Amino acid sequence: MNPPTTTVRPEAGRSRRARLRSWRSLSLTLPANQPELLAVIRRLVLAHALDCGAQTTKAEEIELCVSELLTNALRYSDGPARLEFAVHERTVLVAVSDTSTRAPGTARPASSATGENGRGLHIVNKLAHEVEVYLHPWGKTIRASFRV
């Protein structure tokens with residue numbers, strides 16, 4: 001039996017410029033000493049998600065996840081937090097990077113249900129389509145994708 005083959009074909013009828021315009025992105029850095037900017041960033045992310053075609057409920061879920069990831073980045077690292085937000089076709093990709101080289105912990109939902117800490121990454125894991133953690137020599141990046 002022959003293995004399946006993959007054929008790559010150029011997108012018919014769409015110019016390179018049109019394909020590149022299908023990507024919409026936003027990136028910013030939140031200084032460690034200005035967590036009050038988080039509320040502004042939440043509104044910006046919500047507006048950007050809605051503008052990119054997400055339904056209201058999904059846009060609010062994305063906003064919540066970005067808030068949780070940025071809050072964790074500011075709480076558990078000494079440096080700034082970097083947000084990358086990109087939309088391609090029907091997928092929103094969010095990446096939050098910080099300067100902590102420690103892998104994030106996930107509290108068991110039952111143990112953190114009444115506490116203030118330990119639910120952020122659990123929430124992101126429940127709402128996102130996929131979550132990946134990348135450890136770097138300079139820190140870490142948590143990437144989440146959402147289908148919209």
Sort out which residues of region 81-96 are without any contact (Cβ under 8 Å) to a residue 60 or more places away in the chain, out of contact with any helix residue (DSSP H, G or I) (no Cβ under 7 Å at 6 or more places or on another chain) and closer than 15 Å to Cys65 by Cβ, and write them in order of number.
Glu84, Thr91, Leu93, Ala95
What tally of residues in region 68-86 results from selecting those that are buried (at least 19 other Cβ atoms within 10 Å of the Cβ) and within 13 Å of the chain's Cα centre (by Cα)?
8
Flag for Glu89 being under 13 Å from Val148 (Cα atoms) and surrounded by fewer than 17 Cβ atoms within 10 Å (Cβ to Cβ):
yes
I'm trying to understand the selection: among the residues of region 40-59, which are closer than 18 Å to Ala95 by Cα and over 16 Å from the mean Cα position of the chain (by Cα)?
Val40
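When you go through Thr101, Thr71, Thr114 one by one, which is the residue that is in contact with a helix residue (DSSP H, G or I) (Cβ under 9 Å, 6 or more places away or on another chain) and either at pLDDT 85 or above or assigned to a loop (DSSP other than H, G, I, E, B) (or both)?
Result: Thr71 is the single residue among Thr101, Thr71, Thr114 that is in contact with a helix residue (DSSP H, G or I) (Cβ under 9 Å, 6 or more places away or on another chain) and either at pLDDT 85 or above or assigned to a loop (DSSP other than H, G, I, E, B) (or both).
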Would you tally the residues in region 44-67 being out of contact with any helix residue (DSSP H, G or I) (no Cβ under 8 Å at 6 or more places or on another chain) and surrounded by fewer than 18 Cβ atoms within 10 Å (Cβ to Cβ)?
6
Taking region 41-68 and keeping residues outside any helix (DSSP H, G or I), of a type in the set (A, V, I, L, M, F, W, C) and over 21 Å from Asn125 (Cβ atoms) leaves Cys52
As an exercise: evaluate Ser25 against (1) assigned to a strand (DSSP E or B); (2) at pLDDT 90 or above; (3) among the polar types (S, T, N, Q) and give the number of the one condition it does not meet.
(2)
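The values are calculated or read from the model by the stated rules, or taken from the named source; none is laboratory data. From a predicted model like this one, the values you see are computed outputs, not experimental measurements. Reconstructed Cβ throughout: ideal geometry from the backbone, glycine too, with neighbour counts over all protein chains shown.
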